[in-house]
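Report on one structure; see the data block that follows.
The values are calculated or read from the model by the stated rules, or taken from the named source; none is laboratory data. Quantities reported herein were computed from a predicted structural model and do not represent experimental measurements. Counting neighbours? That spans all protein chains shown, and the Cβs are built from the backbone with ideal geometry, glycine included.
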Amino acid sequence: MSTSIPAGEKHALLIGINRYPNLLDTQQLKGCVNDALQLRSVLVERFGFSSDGIDLLSDEEATRDSILAALQGLACKVGPGDVVVVGYSGHGSRGRTEEKSTGSFETIVPYDSGRGSHPNRDILDDEIHEWLLAMAALTPNLTLVFDSCFSAGITRDPFEEGIRQIPPGILRPAGGDRGSRDATRETSGWRTLGGRYTLIASCRADEVSREVQIDQGEGQPLHHGALTYFLCEEIRRAGRNASSRDIFERAAAKVTASFSTQHPLLEGARDREPFGPRVFDTMRFLPIRSRLGNQAVLAGGAAHGLTVGSEWDVYPQGTHEVTPEAPRLGRLKVRSVQAVTADVDIEEDEPASPRPLEPGDRAVEANHDYGEMRLVVEICGPPAAGEALDAVESRIKETLLLRPAAPHEKGHVRVYLVLPRTEVRDGDPAPRLGAIQSPLWAVVGADGHLLAPPLFAENEGALARLIEALEIRARLQLTLRIENPAQDSVLRDRIEVNLLRWKNREWVPAEPEDGGLVRFRNHEPFDLQVLNHTRKPVYVHVLDLGLSGRIELLYPVDGAFDELQPGRHLLLSEAQGKDFLFYIPEILPFENPGGNVEGIQHLKVLATVDRSDFSLLVQDGVKYLASQPGGRPFKPPLPLEQLLTAAMTGKAKGGTRETSPVSTSLVDDWTSVTRSVLIQR
């Protein structure tokens with residue numbers, strides 16, 4: 001299925017620069033003007049653009065002033081719903097301003113820009129971004145094709161040529177000081193445009209963009225940017241219902257096959273018709289990266305929520321929707337998960353499928369295995385403390401939320417028994433504790449910081465308190481992991497959550513900074529806005545997962561079951577009748593209570609179509625009401641409640657310590673949205 005955003009006129013600005021009079025002979029290019037001409041041909045022949053609606057700037061026509069004037073002219077004539085394409089083929093670079101406090105900028109390099117004794121007249125990404133904001137306010141049908149790169153300081157072999165990158169320089173653009181990308185900046189790059197544009201870039205930020213040489217059979221060979229050449233080639237071959245993502249995946253595979261260190265990028269509205277207004281309703285999927293025999297690699301891993309044991313159905317590349325008519329090629333089972341990839345076993349190749357599974361095919365999750373819900377704990381200490389260490393291991397085995405790490409297994413946390421010391425030496429456990437006078441139990445995270453207050457090992461009850469601290473950490477981490485994998489969930493991506501900060505006497509969106517996280521100061525006020533974009537009422541619950549391991553229910557009031565109606569929004573402070581502050585407990589950091597510290601706090605919003613009691617998450621166990629308000633009868637635990645039971649008690653379905661795969665066809669529809677914040681004191 002697809003939907004159309006009303007389209008008006010079609011406009012394009014295409015820029016191709018081969019010759020740079022203010023750069024070295026070795027920095028001249030050959031295929032950029034060809035890129036602009038090829039893209040113009042595709043727009044006219046395939047997408048119905050008028051030649052009069054396409055502005056082409058090449059070589060000496062593409063000065064800084066000319067490019068900026070053309071962008072401004074485009075903004076002046078574009079109307080609501082118009083289709084706009086901007087293509088740039090030429091050098092890219094990075095730069096910095098003369099002020100020491102400012103950061104670096106990505107740039108495109110116009111014809112009249114230079115380095116050394118020649119003035120740097122590069123066009124900053126900030127300048128392009130300002131133009132993009134104005135364009136995105138007029139039309140969502142905006143496509144950018146950038147066949148250049150921004151990598152700097154890369155040492156190249158003399159054999160390498162046709163690389164579209166030049167070294168950075170001091171920026172003195174004619175427009176004057178454009179400001180700096182510092183902590184006070186509210187927006188950065190093009191991220192804030194969301195789905196109102198499609199960007200196709202030739203490579204990652206740390207890579208270079210290359211040219212290909214096409215043999216014409218006679219005369220001079222033809223040069224093109226690798227991305228533009230393969231992209232236009234795939235556009236000409238594609239069917240009417242191919243999305244930008246469909247075409248890009250095939251073109252990107254050919255670019256990387258030609259240049260193994262160049263990986264093109266696609267972001268924004270990826271499932272829109274290329275250079276057009278239609279938007280395809282595309283299923284969520286992961287592509288198969290490679291296949292060898294009965295094993296394959298999926299292009300998604302722990303960062304994507306994959307878990308060992310989950311099962312995935314596979315459909316051909318280009319499939320937008322799973323329907324009875326969609327050809328199912330086979331089924332995969334996840335064997336191991338890395339950060340951004342997963343190794344899978346091909347459990348079956350569908351006998352009736354038109355062909356075997358191959359790279360580029362699309363995998364859709366069929367059954368999600370939440371795996372073992374326990375926190376894995378390493379136990380370390382001197383050999384002489386064997387009895388005490390054995391006692392900890394024994395107590396850990398008794399709890400359903402924890403388990404001791406197997407030999408050579410890396411745990412989620414590590415427990416140390418630290419003996420008295422007068423100084424800290426290299427290799428000492430928990431070095432942030434410094435010198436200590438009595439044996440201590442210390443719980444340390446992967447970043448080396450304490451996750452709980454140190455405990456005097458000789459005190460009565462120390463072992464029980466140690467296990468309690470580990471269980472608190474387990475509940476925190478497992479609550480963070482809970483999410484609904486159902487592809488058919490009507491709530492998925494339709495519950496909008498906005499974190500707000502108080503600025504200039506009003507609530508404004510809290511924007512992430514360059515590090516990718518929203519930053520707040522200790523005791524700084526915040527608010528949370530939740531919008532229901534579905535067609536059914538939902539129950540909203542807001543959990544605060546604090547730095548100390550605390551899990552607090554911020555909304556609703558305990559026992560309340562307030563529905564958020566379709567199209568309406570909830571503002572946390574108004575709903576609860578009080579203000580909220582981010583707060584770092586004085587007990588932190590555990591190594592030096594009350595000292596300077598920063599950490600990540602999480603706000604997790606759970607939305608359900610059925611009533612659920614999330615106050616259970618802050619208690620020792622899970623309980624179910626025999627009847628609910630309004631006389632609703634007791635019913636068996638729903639899938640979400642099963643997961644909460646496992647997270648809070650370690651008890652999964654059937655009373656085992658592991659959960660069974662949860663079918664993605666859920667009666668109890670629900671979703672979760674997490675907002676993470678870096679708090680500083």
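For the reader, a short list of remarks on this structure follows.
- Positions within the range 63-90 being crowded, with 24+ Cβ neighbours inside 10 Å and either polar (S, T, N, Q) or modelled with pLDDT under 90 (or both), in sequence order: S89
- Odd one out for E513 among (1) assigned to a loop (DSSP other than H, G, I, E, B); (2) closer than 22 Å to I482 by Cβ: (2)
- Of all the listed residues (E524, E471), the sole one being out of contact with any Pro (no Cβ under 7 Å at 6 or more places or on another chain) and without any contact (Cβ under 8 Å) to a residue 60 or more places away in the chain is E524.
- Wholly within the range 383-481, strands (runs of 3 or more DSSP E) carrying at least 1 residues that are more than 30 Å from N596 (Cα to Cα), of a type in the set (A, V, I, L, M, F, W, C) and not assigned by TED's automatic domain parsing to the domain that holds N592: 402-404
- Cβ-Cβ contacts under 6 Å between residues 6 or more apart (or on different chains), taken from a first residue in the range 593-608 that is more than 17 Å from R675 (Cβ to Cβ) to a second residue that is part of a strand (DSSP E or B) and of a type in the set (S, T, Y), are listed as T608/Y539.
- Test: residue in the range 519-527 that is in the same structural domain as R611 (by TED's automatic domain parsing) and farther than 30 Å from A469 by Cα: no
- Odd one out for I170 among (1) within 30 Å of G276 (Cβ to Cβ); (2) at pLDDT below 90; (3) of a type in the set (V, I, T): (1)
- Once the range 247-302 is narrowed to residues that are without any contact (Cβ under 8 Å) to a residue 40 or more places away in the chain and closer than 25 Å to T323 by Cβ, the residue that is surrounded by the fewest Cβ atoms within 10 Å (Cβ to Cβ) is T282.
- Residue match in the range 437-452 (condition: more than 19 Å from L466 (Cα to Cα) and modelled with pLDDT under 90): yes
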